[in-house]
Structure formats: structure tokens, C-alpha cells
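Reading through the C-alpha cells given below for one structure.
Every number here is computed from the coordinates shown, using simple stated rules; none is lab data. None of these values were measured; they are calculated from a predicted model. With ideal geometry, Cβ positions are generated from the backbone for all residues, glycine too; neighbour counts draw on all protein chains shown.
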Amino acid sequence: MSSVEQRLGATDLEDGTTIRFAVTGTGPVAMYLPGWVSHLELGWALPAERQFYEGLGDGRTLVRYDRPGCGLSGETRRTDVEDLEIEVLQPPHIADAEDAVMTRLEGEMRASEAVARKSLEELRMATSPAAGLHLAAATAALDAFVARNREIVTLSRRNSNVRSLALSLGRKRTVTAQCEDQLQALEQALAEHRFSATR
């Protein structure tokens, strides 16, 4: 096992939410941004993940943190953290009117969920029973996120505004083409029928 150890610290946000962070190494500062499920101690306990962090921290000060409501950080009543996650995952789904595209995006979401659940299971097997409460909290956070994600996907599938716009734009093109055809036919008829001036 490596002799590199992480130093844990904490800071409070303006709203009072406590954010826990870990520092390793020395040198220029590098900030590692966590995914949507993280835990400073449990991640450090996994040999492959620890080796990754040690590599990132070689010759620099590596700072990692757990997002609000995740890992060692405190719970938060803020919704912007969860909204940001949804905004990052959902825009293509919400903005698209094609069922095939939505189905593909939903498959990618399910694959991401499976990876997160597998990571939690690997953490569960690699850590002591004392970490059970933290893992239960991480699992509950993932379950809540997935439930919210399902609601967004359901609403996105019903999104009549995007579908109406797509239909409207498609219909507009058709009507415009028909009008152009009729105007050309009228111009041609007028050109063929020469009017002579009469008084």
C-alpha cells in the first residue's frame, strides 16, 4: 500500500451546507471535479481509484471534494445541484421530438445508472461494515436522482411543445412550397396572357 495519505478538511457554503474535501500531494493545485456519486473515504479505499488519484497528485496538490448531499459533505436543501445534474443529462431528450433519439438517450441514462450502481456495489465489497451508513446514503441519493430522472423523461416524452413545433415547422415548409408553386403558376399564366391596354 502506498504511503501517500489524504488530508480531509471541511468548509461551509453561504447557505450553511458543509462541503468536505480531501487534499493529497504538494505543488501546483489541481481540482478534481466529482461525478454525481462520490465519497472521499470510500473512493480512497479502492486500490484502483486511489492509484488514479495518487497519479493525478504526483507533483501537484490534488484537491477533491464531495458535492452537497453526497459522500461526506452535508445535506443541502438546495435544488440547483440536482437541477444542474438533470440539465446536463436531459437537454437532448427534452429538445428532441424523435422517439428513436429519445429511446437511445434513455438507454445511455440506464447505462450510466448501471455503472453508478456497480460502483456502489464494488465500494460495499471493498469497505468495512462501518461504511454501511455512508453507502446507504449514497444509494438513497442515487435512487432519488433516478426517480427524478424518470419523471423528467416521462414529461419529456409528453412534451407537446417540441412535437408541435416540429410539426408546425414541417407544415410551414409544405405550405410555403405549395404557395411558391401557385405563385409561379400565376406568374406564368400572366406572362402567357398579355394584356393590352384599353381605355
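Return the FRET efficiency for the residue pair ARG124, TYR32: r is the Cβ-Cβ distance, R0 is 25 Å, and the value is rounded to the nearest 0.05.
That gives a FRET efficiency of 0.65.
What list do you get for THR61, THR17 if you sort them by fewest beta carbons within 10 Å?
The most exposed by this proxy come first: THR61, THR17.
I'd like the FRET efficiency for VAL23 and ARG158, computed as 1/(1 + (r/R0)^6) with the beta carbon distance as r and R0 of 41 Å, rounded to 0.05.
Result of the calculation: an efficiency of 0.30.
What FRET efficiency comes out for VAL63 versus ARG104 if R0 is 41 angstrom and r is the Cβ-Cβ distance? Round to the nearest 0.05.
Once the sixth-power term is evaluated, E becomes 0.70.
Distance in nm between label sites at GLU113 and GLU5, each 7 Å beyond Cα in the beta-carbon direction?
Taking the two extended label points, one gets 4.1 nm.
Below 12 angstrom from the Cβ of PRO47, what's the summed charge of the other residues (Lys, Arg +1; Asp, Glu -1)?
Spelling it out: positives minus negatives among the neighbours equals -2.
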